[in-house]
Amino acid sequence: MARRCLSLVVALILAGLAGSAEETPNFEKTIEAAGVKTDTSSLLTFLRNRTLSNTERSRLEKLVRQLGADTFRDREEASKLLVEAGRRAVPFLVPALNDTDREISRRARYCMMKIDATPDTEVVVAVANVLAARKVARGDEVVLAFLPFLEDEGAEEELFRAIRTLGWAGGKPTPGLLAALKGRSARERSAAVYALGRSEKAEERGLVIPLLKDEDAVVRFRAAEALIQGKDRRGIPVMVALIGKGPVDLASQAEGLLGQFAGDKTPPEAVNADEESRSKAHKAWMSWYKDHGVKVDLTKFDPSKAFHGMRLVVANGGYGGSGAVWEYGSDKKNRWMLKNVGGPFDAMVLPGARVLIAEYNEKRVSERDMAGKVLWEHRPGNGPLEVQRLASGNTLIATNYDISEVTRTNKVVFAHKDAGGNIFSAQKLPSGNILYGLYSGYIVEMDRAGKEVNRFQIERPRGLANIVVLPGGKYLLPLAGSNRLVEMDRKGKELREVAVPSPTTVALLPNGNYLVGSHILNNIREIDRTGKVIWEQKAEGQIFRVRSR
């Protein structure tokens, strides 16, 4: 998908216009391109045709189990009927791919091969947003009913947002939205609390409170998150509880969310997969809640920091010669890709479907649209390693020899030099200070005047590396020399390590997993907190940067 426009899902996230009338023509074009009519009746039918009744659901569940039947005839019959069911069978076949019964997993793979199992996520999201823009009566019921059959988890929040728009009539929650609070699936209940918990009305937020004790941890998390966004403190202790007893992925998300409030009071104890660390982290957060949480300033919660399921990859070399920048979603499929972009070392997706690229080979920083057209550029004199678009509109640029901040008119308003070419990474912190790394084995923080305010020693990086700032003044670094990822505090004390072969760039995912790239091994990996590889892809070029958003 080289040099194509952003996918619908990404464009929505960048523009923040899900369900808006202004974007409806673009949604309709996506729908028409898939051969679907755009009148309201056809859109509702599109979703209904992908929604199963309880009877159909039960039938497909039984057929999947029948793949492991005692007789060959029964196994063949189940395979045949599942293939005939087409895409409707996919949500039931996917879990069966890893079934402990080898015959079931083998036949599930066979069925998936026979079915066109490519998710039609873009069309689904477009349909939901057009229904929302038109404020279709009872449209929320149709989208809610479809939710359990959504295949791409990364698009879940887009549908939740559409439901939030559709779920009110006459200023009151619709019967469909209220019924979803007791829905059969966790996704239905999650969508209901997503909409109601963010309400400005206390009585509507109150409807969410019982679901803070839902049997499903995801629903509890969604309810707590929604209440917090609705400026309701009752969500905070649930987040603290999830750190102790929730699944490790949700515990890590809860930790990240609470870190927005805790700031420099974030406990140093971090969530990990083992029970001992979980217990210590939970106790530490309980203590924080007792001392600070009950009076926390909820205005500090920033919904824009929510994860949207996108992973950005920057490759120097390959892909036609001079590297590429692209993003892929939770389905591991590329949403867009730009090639021939000056041998990039770093990139950052900007609002308005634009990308900021550190073109190392060309010694240029460029801002491009999704067709690759250069909209702005700056030439720092040396190959740029890292770029950051600041809230002011200025751009921070790091090279081996300097760190500079430049305006849109290319005026340099800040510069820090290193004649020895010792810099490997730099970024501006929310405080206005600048954090940077030195190949000699140090991480340094300096203020705007260039005065050093903190310095600690680290293992010398093997090649380029990036620094991830975690809540509470902690840092995450890829250290290829010792084959590990390391989390450390502001004094350089190592708090956690994960064994990973030759990591040179890392991003933290909200479920606690790591996105890891290597310009030594030329690959991208998603690994869990124990180092187990969840997914891996070989690249054509050297992977110099990964990011998540």
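Values as computed for the structure displayed
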item	result
Single residue of Gly472, Gly481 found to be without any contact (Cβ under 8 Å) to a residue 24 or more places away in the chain and either out of contact with any Phe, Trp or Tyr (no Cβ under 6 Å at 6 or more places or on another chain) or not assigned by TED's automatic domain parsing to the domain that holds Gly329 (or both)	Gly481
Residue in the stretch 66-89 that is surrounded by fewer than 17 Cβ atoms within 10 Å (Cβ to Cβ) and of a type in the set (Ser, Thr, Tyr) present	yes
All positions within the stretch 135-174 that are under 16 Å from Ser185 (Cβ atoms), of a type in the set (Asp, Glu) and either crowded, with 24+ Cβ neighbours inside 10 Å or more than 21 Å from the chain's Cα centre (by Cα) (or both)	Asp140, Glu141
Subset of the stretch 130-187 [of a type in the set (Phe, Trp, Tyr) and farther than 27 Å from Ala217 by Cβ]	Trp168
Cβ pairs under 8 Å, 6+ apart, first in the stretch 328-350 and over 14 Å from Val546 (Cα atoms), second outside any strand (DSSP E or B) and among the polar types (S, T, N, Q)	Asp331/Thr121; Arg335/Ser7; Trp336/Ser7; Gly342/Asn361; Gly343/Asn361
Hits in the stretch 106-125 - residues which are assigned to a helix (DSSP H, G or I) and surrounded by fewer than 18 Cβ atoms within 10 Å (Cβ to Cβ)	Arg106, Arg109, Tyr110, Met113, Lys114
Helices (runs of 4 or more DSSP H) (entirely within the stretch 160-236) containing at least 2 residues that are of a type in the set (Asp, Glu)	202-206
Candidate set from the stretch 325-351 (those that are of a type in the set (D, E, K, R) and part of a loop (DSSP other than H, G, I, E, B)); member that is surrounded by the fewest Cβ atoms within 10 Å (Cβ to Cβ)	Lys332
Residue match in the stretch 418-438 (condition: β-branched (Val, Ile, Thr), within 27 Å of the chain's Cα centre (by Cα), under 26 Å from Lys474 (Cα atoms) and surrounded by 15 or more Cβ atoms within 10 Å (Cβ to Cβ))	yes
Answer residue from the stretch 353-390, given it is assigned to a strand (DSSP E or B) and small (Gly, Ala, Ser) and is surrounded by the fewest Cβ atoms within 10 Å (Cβ to Cβ) among those	Ser366
In the stretch 101-126, residue nearest to Thr30 (Cα to Cα) [restricted to those that are modelled with pLDDT under 95 and β-branched (Val, Ile, Thr)]	Val123
Residue satisfying all of: in the stretch 237-273; part of a helix (DSSP H, G or I) and of a type in the set (Asp, Glu); surrounded by the most Cβ atoms within 10 Å (Cβ to Cβ) among these	Glu255
Hits in the stretch 341-400 (condition: among the aromatic types (Phe, Trp, Tyr) and closer than 20 Å to Ser425 by Cβ)	Phe345, Tyr360
Lone qualifier among Ala449, Ala465 - being touching a residue at least 24 places away in the same chain (Cβ under 8 Å) and either among the hydrophobic types (A, V, I, L, M, F, W, C) or under 30 Å from Asn483 (Cβ atoms) (or both)	Ala465
Residues satisfying the stated conditions in the stretch 489-506, i.e. part of a strand (DSSP E or B) and surrounded by fewer than 20 Cβ atoms within 10 Å (Cβ to Cβ)	Glu494, Leu495, Arg496, Glu497, Ala499
The stretch 54-100, subset modelled with pLDDT of 95 or more and part of a loop (DSSP other than H, G, I, E, B), residue nearest to Glu151 (Cα to Cα)	Leu67
Index of the failed condition, Asp528 passing every other in (1) modelled with pLDDT of 95 or more; (2) over 19 Å from Ala398 (Cα atoms)	(1)
Test: Glu204 is assigned by TED's automatic domain parsing to the domain that holds Val125 and surrounded by fewer than 24 Cβ atoms within 10 Å (Cβ to Cβ)	no
Test: Ala128 is more than 15 Å from Gly329 (Cβ to Cβ), out of contact with any helix residue (DSSP H, G or I) (no Cβ under 6 Å at 6 or more places or on another chain) and either outside any helix (DSSP H, G or I) or hydrophobic (A, V, I, L, M, F, W, C) (or both)	no
Total residues in the stretch 430-446, condition assigned to a loop (DSSP other than H, G, I, E, B) and in contact (Cβ under 8 Å) with a residue 24 or more places away in the chain	0
Unique residue being over 28 Å from the mean Cα position of the chain (by Cα) and under 29 Å from Ser392 (Cα atoms) when the list is Ala465, Ala449, Ala507	Ala449
Selected residue [of a type outside the set (Asp, Glu) and more than 25 Å from Leu44 (Cβ to Cβ)] from Arg75, Arg87	Arg75
Count of residues meeting criterion [part of a loop (DSSP other than H, G, I, E, B) and within 18 Å of Gly343 (Cα to Cα)] in the stretch 508-549	7
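Condition check ((1) farther than 30 Å from Lys333 by Cβ; (2) touching a helix residue (DSSP H, G or I) at 6+ places or on another chain (Cβ under 7 Å); (3) aliphatic (A, V, I, L, M)) across all residues:
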site	(1), (2), (3)
Met488	yes, no, yes
Arg496	yes, no, no
Val516	no, no, yes
His519	no, no, no
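The values are calculated or read from the model by the stated rules, or taken from the named source; none is laboratory data. Since this is a predicted model, take the numbers as computed values, not measurements. Positions of Cβ are generated from backbone atoms using ideal geometry, with glycine treated the same way; all protein chains shown enter the neighbour counts.
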